[in-house]
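Novice: Sharing a structure with you now.
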Amino acid sequence: MQIRRCSIVMFEPRAELSLDLTLLLSGDAGLATTMQWYALAAHLDAPVAVSSEDVLLIGQIEPDRWISADMLAVDRDRLLRLVAHGLLTSDAPENADQLARDERIRVTNWWPLAALSHRMGRWSGVNSAQEMREGKLVTAHDLHARFGPPPPSVAPPDAAAIQLPGLADEARDEQLASRATCRNFDRKRALPLDALSQVMKRTLKAHAAVRPGEDMEFLKKNIPSGGGLHPLETYVISLDVDGLHAGVYHYHPLEHALRPLPHAEGDLRQSVLGYLAGQDWFADAPLHIIQVARFPRSFWKYRKHPKAYRAVLLDAGHLSQQWMLSATELGLAAYVTAAINEIDVEALLGLDGIESSPVMMCGLGWRANNQATSEFDPLARIWQR
Ligand SMILES: Cc1cc2nc3c(=O)[nH]c(=O)nc-3n(C[C@H](O)[C@H](O)[C@H](O)COP(=O)(O)O)c2cc1C
């Protein structure tokens, strides 16, 4: 058997608390701490508990050179266990899946820390809304009670101020100030297809394609993008749009067209609630988009680059603001969230979570008449009208 190390792995020593009955009986709090090493590998979905001997062994095996397992003077079972976990890869047929996943990490050109940050930050089946409620961390007062006051809203000034000219508000200022994250969608009101088309055109559509060479194309859009690469791909989940069947679609930014995608039978709104990590205040929107990063597009230029992943996330930020402002302009309501169950969305869209993975969801619809979940509207621009 030939083996080599997986391409990206780092080790984290964690202090783990456990209940110790002896300590408890001696009048102590009863909590014992043990130190445990975890291997975080970029092609795996979760950290793997390893021993300190494993850490040393893995550290001796090169990622880019195949060697015979017989060359290593180590216990065969330990070696096989590390291969089974995927921390070492082997050329054995039963290890082909792990090898293929590791290969995708290699060819995608991830910067190692970004790969681990993205991979380990993905969720499956998390209900963040329930956790927030159960943990009594819903309101600002809840947070204050647990964490004390937040850092100041503005870094405290330490020099005299130079006042900038005060300018009268124009219609544009009024519109910008009317943007507010919607957490109260009218579940009974469908979204007109024209309105959806308009918001998508202003946010996602490409106005031009530039081809500097036969096999190179760059898109011009209303939003900026790191390297001009536009690595974000848009998927649409329609729940209640007039003239568009409920379903899952892919959006083509040059054609400004949707293509239906297969998805499992069942209640799509319930699935959306799951993708939104239980955030029922967003799931009521009649239309949702998922922004999926196609990392190889960005890392083609920014290879193993420390800023590349940040640039992809900044692209998502531009997109979400454009989405919200375009919605506001039409009297529609919108949201953006990063609290999503990425792994479940990957299963829906058939993504591998290495080359392609979702980074955020946005929604669009109409505001309900009543505010059941609080929105941030201190100047009453939304809820007094
Ligand atoms: C990247 C990003 C992630 C967000 N995630 C959530 C979220 O998970 N749940 C939520 O209710 N609001 C979310 N929001 C909305 C913010 O809470 C909201 O922008 C903030 O409270 C200010 O309110 P405003 O957007 O109405 O000005 C998110 C906003 C951004 C920009």
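Novice: Filter region 326-342 down to residues that are crowded, with 18+ Cβ neighbours inside 10 Å and either away from the ligand (no atom under 11 Å from the Cβ) or modelled with pLDDT under 95 (or both) and give me whichever is nearest to residue 224 (Cα to Cα).
Specialist: Selected residue: 326.
Novice: Here is a follow-up. Please give the number of the condition residue 31 fails out of (1) under 24 Å from residue 106 (Cβ atoms); (2) without any contact (Cβ under 8 Å) to a residue 40 or more places away in the chain; (3) in contact with a Leu (Cβ under 8 Å, 6 or more places away or on another chain).
Specialist: The failed condition is (1).
Novice: A further question follows. Being out of contact with any Cys (no Cβ under 7 Å at 6 or more places or on another chain) and under 21 Å from residue 9 (Cβ atoms), is that true of even one residue in region 121-135?
Specialist: yes
Novice: Does residue 369 fit the bill of being at pLDDT 95 or above, of a type outside the set (Val, Ile, Thr) and open to solvent by less than 30 Å² (accessible area, probe 1.4 Å)?
Specialist: no
Novice: Can you confirm whether region 348-358 contains a residue that is touching a Pro at 6+ places or on another chain (Cβ under 9 Å), closer than 22 Å to residue 42 by Cα and among the hydroxyl-bearing types (Ser, Thr, Tyr)?
Specialist: yes
Novice: Now for a different question. When you check residue 234 against the structure, is it among the hydroxyl-bearing types (Ser, Thr, Tyr) and closer than 26 Å to residue 381 by Cα, yes or no?
Specialist: Spelling it out, it is not the case that residue 234 is among the hydroxyl-bearing types (Ser, Thr, Tyr) and closer than 26 Å to residue 381 by Cα.
Novice: Out of the residues in region 181-206 that are touching a Phe, Trp or Tyr at 6+ places or on another chain (Cβ under 6 Å) and within 16 Å of the ligand (Cβ to nearest atom), which is farthest from residue 238 (Cα to Cα)?
Specialist: Result: 181.
Novice: Please verify whether region 274-292 includes one or more residues that are of a type outside the set (A, V, I, L, M), in contact (Cβ under 8 Å) with a residue 24 or more places away in the chain and more than 16 Å from the ligand (Cβ to nearest atom).
Specialist: Looking through region 274-292, at least one residue is of a type outside the set (A, V, I, L, M), in contact (Cβ under 8 Å) with a residue 24 or more places away in the chain and more than 16 Å from the ligand (Cβ to nearest atom).
Novice: While we're on this one: Give all pairs with beta carbons closer than 9 Å in which a residue from region 145-169 that is free of Cβ contacts under 8 Å to residues at least 40 places away in the same chain meets a residue that is part of a loop (DSSP other than H, G, I, E, B) and among the basic types (Lys, Arg); count only pairs at least 6 apart in sequence or on separate chains.
Specialist: 145/136; 146/136
Novice: Something else: Please list, ordered by first then second residue, the pairs with beta carbon atoms under 7 Å, 6 or more apart or interchain, first in region 179-202 and polar (S, T, N, Q), second within 16 Å of the ligand (Cβ to nearest atom) and open to solvent by 70 Å² or more (accessible area, probe 1.4 Å).
Specialist: 181/376; 184/371; 184/372
The values are calculated or read from the model by the stated rules, or taken from the named source; none is laboratory data. Small disclaimer: the values here were computed from a predicted structure and weren't measured. Every residue, glycine among them, receives a Cβ derived from its backbone with ideal geometry; neighbour counts consider all protein chains shown. Heavy atoms of the whole protein, side chains included, go into the accessibility calculation; ligands, DNA and RNA do not. Shrake-Rupley method; radii C 1.70, N 1.55, O 1.52, S 1.80 Å.
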